[in-house]
Amino acid sequence: MELTDKHQIVIKKLASGRFFSTQQLADELAVSRTSAWNYLKALERMGFELHAVSGKGTRFKQALELLEAEQIINNISADQRTLVAKLDLLDVCPSTNHHLLQQNALKPLANGVVCMAEMQTMGRGRLGKAWVSPYGQNIYASFIWSFKSGIAALSGLSLACGVAVCRALEELGLSGHGLKWPNDILWQGKKLGGILVEIQGESQGGYSVVVGIGINYQMSSQASTDIDQPWVDICTAYGGEVGRNKLAAKLIERVLEMLDSYEATGLAPYVKPWNNFDCYKNKNVHILSGEKVTQGVAKGISPSGELVLLKPSGETQLIMSGEVSLRLSEC
Ligand code: BTN
């Protein structure tokens with residue numbers, strides 16, 4: 001369903017968490033009460049959770065802090081603000097990664113274009129999975145950067161990005177989060193966010209890289225029914241003290257800083273920090289690759305970003321990212 005201007009007016013009103021009568025909404029929209037009611041019902045079908053009380057009106061079950069470009073930009077420190085070529089704040093789009101890739105294919109984008117959306121209708125996750133992306137509840141952000149180096153040099157970029165995200169959370173005063181190879185962000189073993197890097201070849205050589213980050217911020221249980229693993233959001237993990245716009249700004253700061261230096265440094269300065277954030281270090285794990293299962297003890301990442309797996313035979317195997325999944329073993 002497409003969100004019209006009128007839906008957006010209703011969303012902006014109800015985002016405050018206050019009650020509005022159907023008549024008040026009808027007046028705001030300059031439509032009949034029946035139409036205002038239909039707008040509310042349409043939002044409910046889209047996944048917004050409404051709470052109606054007779055005599056008071058209707059409100060969103062939980063207030064939403066909507067994204068505001070000015071607030072985000074003002075919260076980015078002066079040093080990194082210069083790295084933001086453009087902040088493209090969308091209401092609804094299929095996928096912020098897809099948006100940047102598509103725009104870049106039409107006309108090459110400058111390094112540091114950032115795209116964020118309130119909602120994705122076809123959010124993409126790793127291994128071809130969908131990324132659940134309800135309106136106003138999470139962070140969906142994509143960044144574009146071009147690299148002259150070959151594709152092999154870019155293999156560690158998603159790991160470096162994991163470190164950048166963890167540092168951003170740390171700087172906001174959050175703790176207890178870490179990384180699961182290759183690029184899941186966990187909090188106390190539950191998924192808090194993920195990173196999807198997509199690469200596009202450039203006609204003049206080199207590559208454009210789109211780094212997509214999804215962070216669960218304040219997700220309703222109704223929206224999350226399709227998530228097939230334990231998950232958590234920022235507000236549950238940290239008590240809701242971190243504003244959504246502030247979180248967006250801090251992520252932009254740390255991710256652009258990383259992208260700006262990655263061509264020169266590569267993965268090297270991120271290996272130790274990645275291993276310090278590693279949630280699975282020294283844990284019994286198994287690697288799933290199609291039908292194949294490999295058991296071992298996770299020993300962090302190698303200098304080139306492979307997972308180091310100590311097998312029961314005592315032999316060490318380096319696991320390349322790609323179409324593999326890492327799971328904790330029972331014991
Ligand atoms: C994962 O599977 O863990 C990676 C999830 C990445 C989701 C983000 S949300 C912003 C960007 N746009 C997308 O469609 N995907 C990424």
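The values are calculated or read from the model by the stated rules, or taken from the named source; none is laboratory data. Bear in mind that the values here come from a model prediction, so they are computed numbers and not experimental data. Cβ: placed from backbone, ideal geometry, glycine included. Neighbour counts: every protein chain shown. Ligands, DNA and RNA are excluded from the accessible area calculation, which covers all protein heavy atoms including side chains. Shrake-Rupley method; radii C 1.70, N 1.55, O 1.52, S 1.80 Å.
One table, with the values for the structure above:
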{"read-out": "Tally, over region 137-165, of residues that are within 20 Å of Ile185 (Cα to Cα), of a type outside the set (Ser, Thr, Tyr) and part of a loop (DSSP other than H, G, I, E, B)", "value": "2"}
{"read-out": "Selection count, region 107-132, where residues are at positive phi and without any contact (Cβ under 8 Å) to a residue 40 or more places away in the chain", "value": "1"}
{"read-out": "Single match in Gln204, Gln218 (criterion: in contact with a Cys (Cβ under 7 Å, 6 or more places away or on another chain), at pLDDT below 95 and part of a loop (DSSP other than H, G, I, E, B))", "value": "Gln218"}
{"read-out": "Residues of region 184-194 classified as in contact (Cβ under 8 Å) with a residue 60 or more places away in the chain and open to solvent by less than 40 Å² (accessible area, probe 1.4 Å), total", "value": "2"}
{"read-out": "Filter result for the condition that a residue is farther than 28 Å from Ser224 by Cα, of a type outside the set (Phe, Trp, Tyr), in contact with an Asp or Glu (Cβ under 9 Å, 6 or more places away or on another chain) and touching a residue at least 24 places away in the same chain (Cβ under 8 Å), over Gln62, Gln80", "value": "Gln80"}
{"read-out": "Qualifying residues in region 131-157 (those that are open to solvent by less than 20 Å² (accessible area, probe 1.4 Å) and among the small types (Gly, Ala, Ser)) - the one nearest to Ala105 (Cα to Cα)", "value": "Ser142"}
{"read-out": "Counted residues, region 104-126 - those being open to solvent by less than 70 Å² (accessible area, probe 1.4 Å) and more than 7 Å from the ligand (Cβ to nearest atom)", "value": "12"}
{"read-out": "Check on Leu90, farther than 19 Å from Ile215 by Cα, touching a strand residue (DSSP E or B) at 6+ places or on another chain (Cβ under 9 Å), within 13 Å of the ligand (Cβ to nearest atom) and not in a loop (DSSP other than H, G, I, E, B)", "value": "no"}
